[in-house]
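Have a look at the structure below, then the notes.
No lab work stands behind these numbers, since they all come straight from the coordinates. These figures come from a predicted structure and were not determined experimentally. For neighbour counting, all protein chains shown are included, and Cβ atoms are generated from backbone atoms with ideal geometry for every residue, glycine included.
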Amino acid sequence: MSLHNTFKHALLKRERLVGAWFMSASPVLAEVIANAGYDFMVIDLEHSTASTHDLHSLLQATAESETAAVVRMPSHDKTQVKFALDLGALSLYFPMVGTVDQAVTLARACRYPPFGDRGFARMHRGSRYNTIPDYFERINQEVCVIAQLETPQAMANAMQIAGVPGIDGLFVGPGDLSIALGHGGDVTHPQVKEMMAEVGGFCRRAGVPLGTVLPTPEMVAWAYSVGFNFVSHGSDIGLLMNAARTGIAQIRQLSSDTPMSDPPTQTAPSSAY
């Protein structure tokens, strides 16, 4: 495992990245998505069937691909953070970050002293079981911490949260934001888009990496245009469901246009004896 976090370094240069969103716990599907050509894939431990106990096999499944694995943590729990980092996760999303104090706590939880308070151990997958000689000298710089803004209050605090040492980028959660604004999950609502565009403009001017997840390629293109630079499209489960439903609808439509013919007349088989 290389300690060069390609995802983080691309973010800091504000390169335009397209990501996957992974919600199943299957290492096979993780390997498929990781080899599809995305720049990164978010392993979602907050709203999925996967948990931190599945993370080891999911990170193994993606390790040989060029797609960077990013882990969305289920909470701010510091024990879970330590577990994910020890398993070798280099980039973490944290849900529902709304204040500077929360951002400070999370940035510190991901780093060893003197810059943080991550618990120390040598024998774990992150250090390749103590075979990476400079792991403890370099990991504080290579870990990537992304704060998710998912309420109007968090969006209002975006500038202050982005300025916290150790916060490497921001992420707007459009679904929760739309719910908080009273728009029932409609991520295309004008008020949601207006608020996202406002934060996008700030991040573009300030050089702050900014990401989100959106359901269609057209919405992804819109996000790039207003200042976002790393955006995930759909999810593995969503893509599978959409493909299945589209196929079913097409088959039923084609079948309805084709009249059923009478079955061929069956003749009694001759005896073989």
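Compute the whole-percent fraction of alpha carbon pairs in the range 102-154 spaced more than 12 Å apart. Summing the P(r) tail past 12 Å for the range 102-154 gives 69 percent. Here each label is just a point 7 Å from Cα along the line to Cβ, and for Ala156 and Leu239 those points are 3.8 nm apart. Placing one equal scatterer on every Cα of the chain and applying the Debye formula, the log10 ratio I(q)/I(0) at q = 0.07, 0.14, 0.16 Å⁻¹ is -0.30, -0.97, -1.25. Loop-resident GluC sites (Glu not before Pro) (DSSP state other than H, G, I, E or B) in the range 73-171 with no more than 14 further Cβ atoms inside 10 Å of their Cβ are absent. The charge dipole of the range 6-241, taken about its Cα centre with unit charges on the Cβ atoms of Lys, Arg (+1), Asp and Glu (-1) only, comes to about 620 debye. Our coupling estimate for the range 129-146, obtained by passing each phi through the Karplus curve with A = 6.51, B = -1.76, C = 1.60 and θ = phi - 60°, is 6, 6, 10, 9, x, 9, 3, 6, 7, 10, 5, 4, 7, 8, 5, 10, 10, 10 Hz, Gly and Pro reported as x. On the basis of the beta-carbon distance and an R0 of 35 Å, Leu254 and Gln191 show a calculated FRET efficiency of 0.30.
Checking every one of the GluC sites (Glu not before Pro) in the range 1-88 against DSSP loop status and a limit of 14 other Cβ atoms within 10 Å picks out Glu15, Glu64, Glu66. When the Gaussian network model of the chain links Cα atoms closer than 10 Å, the mean-square fluctuations of Gln148, Gln80, Gln253 top out at Gln253. Taking every C-alpha pair closer than 8 Å and separated by at least 6 residues, the mean separation divided by the residue count of the chain gives a relative contact order of 19 percent. Within the range 120-195, the chymotrypsin sites (Phe, Trp or Tyr not before Pro) that combine a DSSP coil assignment with at most 13 other C-beta atoms in a 10 angstrom radius are Phe120, Tyr129. With the charge dipole of the range 6-241 set up from +1 on Lys and Arg Cβ and -1 on Asp and Glu Cβ about the Cα centre, the Cα lying farthest toward the positive end among the listed residues Gly88, Pro190, Thr131 is that of Thr131.
For Asp134, the shell of other residues with beta-carbons less than 15 Å away shows a net charge of +1, using +1 for Lys and Arg and -1 for Asp and Glu.
Projecting the Cα positions of His76, Ala223, Ile167 onto the charge dipole of the range 6-241 (unit charges on Cβ atoms of Lys, Arg, Asp and Glu, taken about the Cα centre) puts Ile167 furthest along the positive direction.
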